[in-house]
Amino acid sequence: MELTGTDRGFVLVTAPDGRLRVEVADGFTPDEVRNERFRGSVGAVKQALEIGGPIVVADVPSDPRLGARPSVVLKGIGSLACLPLRRDDRILGMIYVDSLKLGPAFNSVDIEI
């Protein structure tokens, strides 16, 4: 979150049943964290799973894939990055960060780190 200048972040892990669950969350009030539901862009996570690679958007409201999605509009997400955590061909989880403000473009070094 410090590297990307984002406000919130999640580490999602793949449970034995194949579903992603929140393992760690930062940037939330204690009340928000008590409910362990994912509060980011579900569409970005789904797209990252489908392509098996990162989804990075600096201006989410203008993005044709994500801008009109209910989770994005409701939460006012401005920028995000969603990166699969992989081991060989298996997705172990995701790192997800977002911000309510529009952000500078994430660069290839940010993604690599």
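Structure notes:
- A straight chain from L3 to K46 at 0.36 nm per residue would run longer than the Cα-Cα distance by 13.1 nm.
- Multiplying the residue separation of V11 and A68 by 0.36 nm and subtracting their alpha-carbon distance yields 18.1 nm.
Read the figures in this text as sums done on the coordinates, not as results from a lab. What you see is a predicted model; the values in this text were computed from it and never measured.
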